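The values are calculated or read from the model by the stated rules, or taken from the named source; none is laboratory data. What you see is a predicted model; the values in this text were computed from it and never measured. When we count neighbours, we look across all protein chains shown, and the Cβ atoms used for this are built from the backbone with ideal geometry, even at glycine. Areas reflect the complete protein model, heavy atoms only, side chains present, ligands, DNA and RNA absent. Shrake-Rupley method; radii C 1.70, N 1.55, O 1.52, S 1.80 Å.
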Amino acid sequence: MEQKKQNPTAEDETQIISRRIQRISLHITPIPRPLHDHDNNLGLLPCATREKLEVETEKLSVYLRGKYRDMQEKIYEYFNARPELQTPVEISKDEHRELCWRQMYGLIRETGIRPLKYVAEEPAKYFAITEAVGAVDISLGIKLGVQYSLWGGSVMNLGTKKHKDKYSEKIDNLEYPGCFAMTELHHGSNVQGIQTVATFDPITDEFTINTPNDGAIKWWIGNAAVHGKFASVFAKLMLPTHDAKGVSDMGVHAFIVPLRDFKTHQALPGIEIHDCGHKVGLNGVDNGALRFTSVRIPRDNLLNRFGDVSRDGKYTSSLPTINKRFAATLGELVGGRVGLAYSSVGVLKIASTIAIRYSLLRQQFGPPKQPEISILDYQSQQHKLMPMLASTYAFHFATVNLVKIYSQMKMTHDEQLVGEVHALSAGIKAYVTSYTAKSLSVCREACGGHGYAAVNRFGTLRNDHDIFQTFEGDNTVLLQQVAADLLKQYKEKFQGGTLSVTWNYLRESMNTYLSQPNPVTSRWEGVEHLRDPKFQLDAFRYRTSRLLQSAAVRLRKHSKTLGGFGAWNRCLNHLLTLAESHIESVILEKFIEAVEKCPDASSRAALKLVCDLYALHRIWNDIGTYRNVDYVAPNKAKAIHKLTDHLSFQVRNIAKELVDAFDLPDHVTRAPIAMQSEAYAQYTQHVGF
Ligand SMILES: Cc1cc2nc3c(=O)[nH]c(=O)nc-3n(C[C@H](O)[C@H](O)[C@H](O)COP(=O)(O)OP(=O)(O)OC[C@H]3O[C@@H](n4cnc5c(N)ncnc54)[C@H](O)[C@@H]3O)c2cc1C
């Protein structure tokens with residue numbers, strides 16, 4: 001025996017290996033048993049199973065994925081059929097950049113998908129495409145976003161007919177890969193502070209683009225380091241004054257600047273391009289830095305929708321001030337923000353699918369002398385993952401609604417809608433991307449050590465998604481725009497003005513706030529009352545109204561001594577909480593509407609359960625706020641807590657169906673730990689068994 005252990009034969013080795021595989025497989029592949037076997041589980045499980053809903057996954061999925069399901073399937077099938085275009089777990093920066101280009105090029109050239117056409121004509125379809133490609137590889141989603149939403153979008157939205165005629169088809173078919181060059185080394189969030197200049201030369205009828213100092217080097221520009229042939233460059237438009245001795249600054253405008261020679265791919269004269277290098281994530285995207293030295297472009301390259309320069313150097317615009325032109329210019333670019341929010345929900349769907357499927361299969365511990373139980377039967381695991389699943393559903397409907405009103409805005413150019421989309425896209429982008437970023441860590445942790453294996457995707461998802469919180473507007477800065485808008489609406493309300501649709505609720509709930517909370521309803525604690533959408537929505541809106549009222553009072557008080565800027569800074573955290581609270585109110589409202597509109601009864605019941613969990617979990621999280629003002633009496637607070645727990649158990653029971661309804665293909669949720677038991681064999685093979 002001793003001998004055998006020291007010098008095993010080939011046969012012994014095979015047996016040892018097979019035993020080890022079996023043991024590891026058992027470790028990670030539980031012996032199948034009914035998930036809801038009362039005898040084998042902790043006491044909490046029977047409580048959960050008693051009320052298990054029947055969910056028809058296919059019907060729920062159809063309701064969720066709506067009319068662009070086919071388009072997304074087409075994309076998933078395209079990549080499924082081309083394993084060579086799927087991003088491997090280990091890949092160098094340079095290989096990843098090339099692969100990402102081939103992925104995008106292949107998709108566009110071989111499937112006939114024309115994203116820029118949809119950007120202009122059917123934005124909802126475009127966002128569905130970005131969600132699907134982002135699920136394949138987030139780098140690909142961002143690279144596509146740079147090409148179509150940023151570079152293409154700036155030409156389509158800031159340019160006029162001559163630009164669309166000349167560029168749109170070639171941008172769409174990738175003949176003209178391009179960049180969006182706004183950020184500079186010294187100015188990111190503060191776009192109005194950028195220093196690149198575009199000076200009109202009336203003699204040659206050209207603009208000269210210059211980087212006046214190192215701080216003005218365009219930085220982080222996607223597609224610039226390797227693939228971009230053009231850039232829409234944001235610069236201050238300078239016009240010579242009448243006496244030709246000086247120049248006047250007309251504010252930030254965008255210009256089309258060719259970057260590289262079409263034949264040689266070398267940078268054109270006056271253009272210096274550097275690589276921003278290896279990043280924390282998104283290494284499939286080639287971010288670069290650009291310096292311009294007396295780069296001449298024709299006058300026609302000014303994207304002149306909001307301001308134009310005539311042959312004799314006269315400036316014309318339908319908008320009277322630099323600030324108004326700037327707002328209009330940035331307002332046209334909100335599509336990128338909408339897309340990012342939408343894609344972030346896509347990432348959250350993938351992460352929660354992997355974590356929940358794994359948690360259903362993985363077993364640890366159990367009652368004495370009984371089989372181990374699924375880790376999703378632990379209350380702590382449910383608390384980590386079930387409210388997250390509920391939030392994923394909530395965000396799904398909120399972003400679908402955002403896309404809907406964004407599309408309406410693009411069609412109608414209705415002024416009120418423009419303001420609404422601007423604030424809502426800022427708020428939802430900030431709220432959703434911050435939530436997803438935090439959840440990715442929670443999901444990794446929920447999957448224990450196996451969550452840390454790169455093959456199980458959390459590492460790349462987390463690293464690639466992280467920057468969603470910063471680009472297309474830093475989240476902290478965006479939330480301030482929401483707060484500023486709320487305060488504007490607040491002021492208008494008291495001046496008798498009309499509120500825009502999304503803010504309309506403030507009219508009613510502000511009045512409620514100004515009176516004391518109702519001492520009777522604050523004591524109601526029946527399940528029916530707590531699950532009543534009216535109670536939930538009132539509670540969310542009450543909190544927003546209260547925060548708004550108190551922020552306005554504080555700002556007024558502090559501005560007397562600190563001035564406007566100082567007062568704002570003194571109240572900043574308060575304002576951020578206000579913005580988040582408002583966004584949560586909007587998200588809940590849209591979720592409730594989506595539940596009510598769902599045509600299939602079983603799906604509706606499942607969604608109602610999930611929606612209640614979302615609402616009550618949020619209320620419970622902020623219970624201190626509600627208790628402080630007696631909006632919720634102590635016993636009601638306890639009842640909310642108890643019901644939230646109970647709903648978590650119930651959602652756990654249909655968790656599999658709820659994630660299956662996202663309908664993500666295997667190669668997207670390809671984390672082996674999330675697959676069915678036979679796929680675990682791939683995992684063991686992956687590590688060399
Ligand atoms: C991978 C990647 C890709 C990118 N792609 C592009 C691209 O293609 N084109 C492009 O033009 N740009 C691009 N960017 C730039 C991106 O848009 C900027 O990084 C972003 O706008 C933030 O600017 P900043 O980095 O200068 O941060 P800053 O504005 O300096 O912010 C730094 C910190 O200060 C805080 N802060 C700033 N202002 C305030 C305030 N008023 N109140 C409170 N806190 C504040 C922020 O919250 C943040 O935490 C990219 C960036 C990255 C990393």
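Please go through the range 54-73 and give me each residue that is within 24 Å of the chain's Cα centre (by Cα) and surrounded by fewer than 16 Cβ atoms within 10 Å (Cβ to Cβ), ordered by number.
We begin by selecting, within the range 54-73, every residue within 24 Å of the chain's Cα centre (by Cα); these are 60-73.
Within the range 54-73, Gly66, Lys67, Arg69, Asp70, Glu73 qualify.
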Applying the selection to the range 515-534, what residues are under 14 Å from Lys638 (Cα atoms) and open to solvent by 80 Å² or more (accessible area, probe 1.4 Å)? Arg523, Trp524, Glu525, Val527
Find the residue count for the range 191-225, including only residues that are open to solvent by 50 Å² or more (accessible area, probe 1.4 Å), within 13 Å of the ligand (Cβ to nearest atom) and at pLDDT 95 or above. 2
Ile350 is checked against (1) assigned to a loop (DSSP other than H, G, I, E, B); (2) surrounded by 17 or more Cβ atoms within 10 Å (Cβ to Cβ) and fails just one. What number does that condition carry? (1)
For the range 277-326, which residues satisfy the criterion of being within 16 Å of the ligand (Cβ to nearest atom), open to solvent by 20 Å² or more (accessible area, probe 1.4 Å) and closer than 15 Å to Thr208 by Cβ? Arg291
Quick check: anything in the range 176-187 in contact with an Asp or Glu (Cβ under 9 Å, 6 or more places away or on another chain), in a helix (DSSP H, G or I) and not assigned by the TED database to the domain that holds Ser352? no
Are there any pairs, at least 6 apart or on different chains, whose C-beta atoms fall under 6 Å, with the first in the range 449-478 and under 18 Å from Gly134 (Cα atoms) and more than 14 Å from the ligand (Cβ to nearest atom) and the second open to solvent by 50 Å² or more (accessible area, probe 1.4 Å) and modelled with pLDDT of 95 or more, and if so, which? Phe458/Arg444
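Return yes or no: is Gly152 in contact (Cβ under 8 Å) with a residue 60 or more places away in the chain, crowded, with 24+ Cβ neighbours inside 10 Å and under 23 Å from the mean Cα position of the chain (by Cα)?
Details: in contact (Cβ under 8 Å) with a residue 60 or more places away in the chain: no; crowded, with 24+ Cβ neighbours inside 10 Å: yes; under 23 Å from the mean Cα position of the chain (by Cα): yes.
Criteria not met by Gly152.
Scan the range 204-231 residue by residue and report those that are more than 16 Å from Gly188 (Cα to Cα) and among the hydroxyl-bearing types (Ser, Thr, Tyr). Walk me through it before giving the result.
Here is the first cut: in the range 204-231, the ones more than 16 Å from Gly188 (Cα to Cα) are 204-210, 212, 223-231.
Answer for the range 204-231, where residues must be more than 16 Å from Gly188 (Cα to Cα) and among the hydroxyl-bearing types (Ser, Thr, Tyr): Thr204, Thr208.
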Hey, does the range 136-151 have a residue that's more than 16 Å from the ligand (Cβ to nearest atom) and either part of a helix (DSSP H, G or I) or over 30 Å from Ala351 (Cα atoms) (or both)? yes
What number of residues within the range 594-608 satisfy the criterion of being buried (at least 18 other Cβ atoms within 10 Å of the Cβ) and of a type in the set (Ser, Thr, Tyr)? 1
Can you tell me which condition His667 does not meet? The list is (1) buried (at least 20 other Cβ atoms within 10 Å of the Cβ); (2) at pLDDT below 95; (3) assigned to a loop (DSSP other than H, G, I, E, B), and all the others hold. (1)
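Inspect all residues belonging to the range 178-189 and state whether any of them is under 22 Å from the mean Cα position of the chain (by Cα), among the small types (Gly, Ala, Ser) and surrounded by fewer than 24 Cβ atoms within 10 Å (Cβ to Cβ).
Restricting attention to the range 178-189, the residues satisfying the condition of being under 22 Å from the mean Cα position of the chain (by Cα) are 179-183, 188-189.
Filter again for among the small types (Gly, Ala, Ser), leaving 181, 188-189.
Checking the rest, the ones that are also surrounded by fewer than 24 Cβ atoms within 10 Å (Cβ to Cβ) come to 188-189.
Scanning the range 178-189, I find at least one residue that is under 22 Å from the mean Cα position of the chain (by Cα), among the small types (Gly, Ala, Ser) and surrounded by fewer than 24 Cβ atoms within 10 Å (Cβ to Cβ), so the answer is yes.
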Just give me the residues in the range 160-190 being more than 16 Å from the ligand (Cβ to nearest atom) and among the charged types (D, E, K, R), in sequence order. Lys161, Lys162, Lys164, Asp165, Lys166, Glu169, Lys170, Asp172, Glu175
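Filtering the range 63-109 down to residues that are small (Gly, Ala, Ser) and part of a helix (DSSP H, G or I), which residue is modelled with the highest pLDDT? Before you say what the answer is, go through the steps one by one.
So in the range 63-109, the residues small (Gly, Ala, Ser) come out as 66, 81, 92, 106.
Pick out the ones that are also part of a helix (DSSP H, G or I) and you get 66, 106.
Values: Gly66: 90, Gly106: 97.
Top of the filtered list is Gly106.
Which is touching a strand residue (DSSP E or B) at 6+ places or on another chain (Cβ under 9 Å), farther than 26 Å from His265 by Cβ and without any contact (Cβ under 8 Å) to a residue 60 or more places away in the chain, of Gly215, Gly188?
On the way: Gly188 fails: without any contact (Cβ under 8 Å) to a residue 60 or more places away in the chain.
The match here is Gly215.
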Output the residues belonging to the range 569-593 that are open to solvent by less than 10 Å² (accessible area, probe 1.4 Å) and either outside any helix (DSSP H, G or I) or hydrophobic (A, V, I, L, M, F, W, C) (or both). Cys571, Leu575, Leu578, Ala579, Ile583, Val586, Ile587, Leu588, Phe591
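Would you confirm whether or not the range 234-251 contains a residue that is part of a loop (DSSP other than H, G, I, E, B), in contact with a Leu (Cβ under 7 Å, 6 or more places away or on another chain) and closer than 30 Å to Leu424 by Cβ?
First, the residues of the range 234-251 that are part of a loop (DSSP other than H, G, I, E, B): 241-246.
Those left that are additionally in contact with a Leu (Cβ under 7 Å, 6 or more places away or on another chain): none.
No; the residues of the range 234-251 include none that is part of a loop (DSSP other than H, G, I, E, B), in contact with a Leu (Cβ under 7 Å, 6 or more places away or on another chain) and closer than 30 Å to Leu424 by Cβ.
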Does Leu613 count as touching a Pro at 6+ places or on another chain (Cβ under 7 Å), surrounded by 23 or more Cβ atoms within 10 Å (Cβ to Cβ) and in the same structural domain as Phe535 (by the TED database)? yes
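May I ask you to verify whether Ser374 is farther than 21 Å from Glu580 by Cβ and open to solvent by less than 20 Å² (accessible area, probe 1.4 Å)? Don't jump to the end; show me each part of the working.
Values: farther than 21 Å from Glu580 by Cβ: yes; open to solvent by less than 20 Å² (accessible area, probe 1.4 Å): yes.
Taking the combined requirement at face value, the residue satisfies it.
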